[in-house]
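The values are calculated or read from the model by the stated rules, or taken from the named source; none is laboratory data. Just so we're clear, the structure is a prediction, and the values are computed from it rather than from any experiment. Neighbour counts are summed over all protein chains in view; Cβ atoms, including those assigned to glycine, are modelled from backbone coordinates with ideal geometry.
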């Protein structure tokens, strides 16, 4: 009897939000090397890197392209013609996509028919695209943690079981480790953190940190906002809230440990005393690829560990006194309601002020803490899980205004 011919896998239709950013470009690198597995049907970007976006469009010829900056549409059209000329294309050899522009562009692209939507946007601006992707029935490969933090109850209510696949390396690691046992057998989740560039810095040193120093991350290559968040440990605080929302474990069973080598991406401790860890060299292409194919794995996405070379890995407890952001995030997450949205939005405002050179490094978390406490104790706070999108937007607007007020009062 002859074997039946192997059925050819159908390529997954992929939409990329934030295509010119760190997550988007690495996702396209994975797709480029596995062209038989993926078809890019939509991309969206802010519009700051028009030439990069044009090259992506010509390389993958998506159906739809979104640009947040409406004034960039003509620039994109010109860049597409210029890129086509550089590639030696003549008329008819490539097709121009539908171009949508403005603040709702990413949301419109997210709703385009697809198998997977990779949300690699930065900031809570990614919330509406997240909801649009879920409403369209696509699998959401979520790197935009802020949309989950800001609109947690909304996102969870909109998602079908298994529809959200985490792309953050820590949460991808947790998802893989949780496969090793039953939920009732899990004692705690352990998120690892590199500690950033200031792991050994004193409180006095932290007060003098410059934007250039904060942007020099020792392990990961990320965008400026995420890199500063990593330095303040706000990013790890956001990831704790994200882990709570994704996996439904209480905050007192989610811990953070410092691991400077960034080889162990997270761990799950089980009730028998066993701990399962996911280990790989720091390379975001691994969780991105898994997010696009979950629960399958692709061949040769990135180099594995070199077990022929001696190495040492360190694990250290988090110093909450020097880095209070994780404890603050747990406070906001425990309060629930609109508190996590305020935590995130106030931080975005403070990071922008820090990168502009208007405030000091330690003022970021101090101001975010004051904003969260004022919100939870004030009339603007909406508690519970019965939130609306308007509640989230109102809370974010309040948080940005309050952060600005606090910074001006302290200047």
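Being under 17 Å from the mean Cα position of the chain (by Cα) and either modelled with pLDDT of 95 or more or outside any loop (DSSP other than H, G, I, E, B) (or both) is a condition met by no residue of the stretch 205-223. For the stretch 338-351, the criterion of being part of a loop (DSSP other than H, G, I, E, B) and touching a residue at least 12 places away in the same chain (Cβ under 8 Å) is satisfied by at least one residue. Assess whether residue 219 counts as being in contact (Cβ under 8 Å) with a residue 24 or more places away in the chain, in contact with a helix residue (DSSP H, G or I) (Cβ under 9 Å, 6 or more places away or on another chain) and closer than 16 Å to residue 284 by Cβ. In short, yes. Starting from the stretch 83-98, take each residue that is in the same structural domain as residue 110 (by TED's automatic domain parsing) and list its partners that are at pLDDT below 75 and assigned to a loop (DSSP other than H, G, I, E, B), counting only C-beta distances under 9 angstrom and pairs at least six apart or across chains. These pairs meet every condition: 84/90; 84/91; 84/93; 84/94; 87/93; 87/94.
Looking for something surrounded by 15 or more Cβ atoms within 10 Å (Cβ to Cβ), part of a helix (DSSP H, G or I) and touching a residue at least 24 places away in the same chain (Cβ under 8 Å) - is there at least one such residue anywhere in the stretch 255-273? The answer is no, given that none of the residues of the stretch 255-273 is surrounded by 15 or more Cβ atoms within 10 Å (Cβ to Cβ), part of a helix (DSSP H, G or I) and touching a residue at least 24 places away in the same chain (Cβ under 8 Å).
Annotation note: of 332, 403, the sole residue that is more than 23 Å from residue 257 (Cα to Cα) and crowded, with 17+ Cβ neighbours inside 10 Å is 403.
Considering each of 313, 307 in turn, give the residue that is closer than 17 Å to residue 190 by Cα, assigned to a loop (DSSP other than H, G, I, E, B) and either without any contact (Cβ under 8 Å) to a residue 24 or more places away in the chain or not assigned by TED's automatic domain parsing to the domain that holds residue 366 (or both).
Going through 313, 307 in turn, the sole match is 313.
In the stretch 377-387, which residues are surrounded by fewer than 20 Cβ atoms within 10 Å (Cβ to Cβ) and touching a residue at least 12 places away in the same chain (Cβ under 8 Å)? Those that are surrounded by fewer than 20 Cβ atoms within 10 Å (Cβ to Cβ) and touching a residue at least 12 places away in the same chain (Cβ under 8 Å): 380, 381, 382, 383, 384, 385, 386.
Per this entry, residue 154 is not counted among residues that are buried (at least 24 other Cβ atoms within 10 Å of the Cβ) and either on the phi > 0 side of the Ramachandran plot or not in a strand (DSSP E or B) (or both).
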